[in-house]
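Worksheet: the structure to be examined is printed underneath.
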Amino acid sequence: MGYGEFISLINDSTDKIREFIDHGNSFIVFYHIDADGLSSGAISSVMLLRAGARFITRAVRSINEILETIPYLQSDTIALLTDIGSGYLSILREKFHDKQFIILDHHQPDGEAEKHWIHINPHLCDVDGARDISSSGITYLVSKSISEENISLSPIAVVGALGDLQDKSSEKRELGGLNKMIVEEAVKSGLLKVSDDLLFYGRSYRPIHLALASTTSPYIPGISGSEAHAVSFLNSLKIRLKEDDRWRVFTELSEEEKKIIYNGLMKYLSSLNFSPSIVKELVGKIYELTREEEWTPLKDAREFASLLNACGKTGNEWIGLAIAMGARGEILLQAQKILEEYKRRLSEVLDYLIRRENWQELKHIIAINGGTAIDERMVSSASSILSSSDLLPEDKPLVMLAISGDKVKASARASMKLIRMGLNLGLVMKKAADRVGGVGGGHDIAAGAEIPLAKKTMFLAEVDAIVGEMLKS
Ligand SMILES: [Mn+2]
């Protein structure tokens, strides 16, 4: 079991997908609203478009939207699920066993697919779906297997993987596993450039202090989100912010100046009693899309991902989908506005969170009860950022809750240390949600759930108990 088997699984499905297309079946592409989901949706759409298939697309926040839509589809319509689906195989089988599904997903599978469905998931071949490949990577490999011209989509697969933070567990913020293979394909085709540097946000086009203030991965308390603090920090290091009348950008700094900033951040963090080691997360691989303009957030694959995420999480999925499919011009300007606004709101949420007003330390987990103060669609990004800060203990996973209507949205994150100790958050969220009449699942390191509001306290108690149980064994 491994990469070879997984690639065969993909190749074996190609003929069947091609048959559906040739046979005139139409498709509905469901895709999840985060960066990996939008990238997967875009790759599937371009693939179907190029193959001359009839299709429509539909962004979804949760499995419920899919369950509600399927009964209204025409009988010859194939449901193509990307970045969602594997975690809900039993529900899908129970309700729609005679429908035709194609599921391209890297979340931990729950049960098995029907024999006549196409289910492509790395976990089926013992490939690590949390780190080695994303849904956009899977969708890309399928699209390439359908037609070689789809190699042009390889950078979008890289964007999706970075959107899911699949570089996070490596020392040098580098994509590994099958992701690395896709990176190499993209580089060979002249579509991607990889280099080593400090990962500041907007490094090639934002004034240095803004680049520093906009960097949230890793999260630097006091500086991330605060322009004024970023300016005074850089001034204290005597870094020149301007060249004549023009703001300098990060890529213009000398190696010496970069070193001064790096060491300055370490000192700054220790002075606040934070671990200086999180600065190490600033050093890593830069993935640049060679065909994009220098001054746009599409140049840097991580920023491309945050732009897609911002579109997806603000009800502007179609803009994100269009950008990932290749639209530029006016649409890109709109997307950039959405991104700026989203970043502003996210930093407000983080400001609120780091005041620790609603933090609760249970026996085995840290619970943050965001109530209605946190937009339910920001929970996932906020918990990712918090988990890359030094604000959380390494030996307890984070579970963040936000209320939306009569439902609670939960998002959980764990450290690599906990994963090595045997924690599997996907399983934890699934079990705990099951016990309170909700749905949940995901990856070992990052997972989520949606549960009834009335069961909030019970849910946290269940999560706490299951985590304790899992770490004990
Ligand atoms: Mn994903």
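The values are calculated or read from the model by the stated rules, or taken from the named source; none is laboratory data. These numbers come from a predicted model, not from an experiment. All Cβ positions, even for glycine, are placed from backbone atoms using ideal geometry, and neighbour counts span all protein chains on display.
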Breaking point among (1) surrounded by fewer than 21 Cβ atoms within 10 Å (Cβ to Cβ); (2) in contact (Cβ under 8 Å) with a residue 60 or more places away in the chain; (3) small (Gly, Ala, Ser), for ALA301 | (1)
Pull up the stretch 118-130, narrow it to residues that are in contact (Cβ under 8 Å) with a residue 60 or more places away in the chain and in a loop (DSSP other than H, G, I, E, B), then point me to the one that is nearest to MET416 (Cα to Cα).
-> ALA130
Examine the stretch 352-363 for a residue that is buried (at least 20 other Cβ atoms within 10 Å of the Cβ), in contact with a Pro (Cβ under 9 Å, 6 or more places away or on another chain) and at pLDDT 90 or above, and state whether such a residue exists.
-> no
By residue number, the members of the stretch 216-259 that are hydroxyl-bearing (Ser, Thr, Tyr), surrounded by 12 or more Cβ atoms within 10 Å (Cβ to Cβ) and more than 22 Å from SER389 (Cα to Cα) are THR251
Tally time: how many residues in the stretch 420-439 are of a type outside the set (Lys, Arg) and in contact (Cβ under 8 Å) with a residue 40 or more places away in the chain?
-> 8
The residue that is farthest from LEU423 (Cα to Cα), considering only those in the stretch 51-108 that are within 16 Å of the ligand (Cβ to nearest atom) and among the small types (Gly, Ala, Ser), is ALA59
The number of residues in the stretch 397-441 that are within 17 Å of the chain's Cα centre (by Cα) and polar (S, T, N, Q) is 2
Of GLU462, GLU394, which residue is free of Cβ contacts under 8 Å to residues at least 40 places away in the same chain, over 20 Å from the mean Cα position of the chain (by Cα) and part of a helix (DSSP H, G or I)?
-> GLU462
Check off (1) under 21 Å from SER347 (Cβ atoms); (2) part of a loop (DSSP other than H, G, I, E, B) for ILE239 and give me the number that stays unchecked.
-> (1)
Out of the residues in the stretch 10-28 that are out of contact with any helix residue (DSSP H, G or I) (no Cβ under 6 Å at 6 or more places or on another chain) and aliphatic (A, V, I, L, M), state the one that is surrounded by the most Cβ atoms within 10 Å (Cβ to Cβ).
-> ILE17
Restricting attention to the stretch 191-204, does a residue exist that is in contact with a Ser or Thr (Cβ under 8 Å, 6 or more places away or on another chain), under 20 Å from LEU298 (Cα atoms) and among the aromatic types (Phe, Trp, Tyr)?
-> yes
Which members of the stretch 88-108 meet the condition of being buried (at least 23 other Cβ atoms within 10 Å of the Cβ) and either out of contact with any helix residue (DSSP H, G or I) (no Cβ under 7 Å at 6 or more places or on another chain) or at positive phi (or both)?
-> LEU92
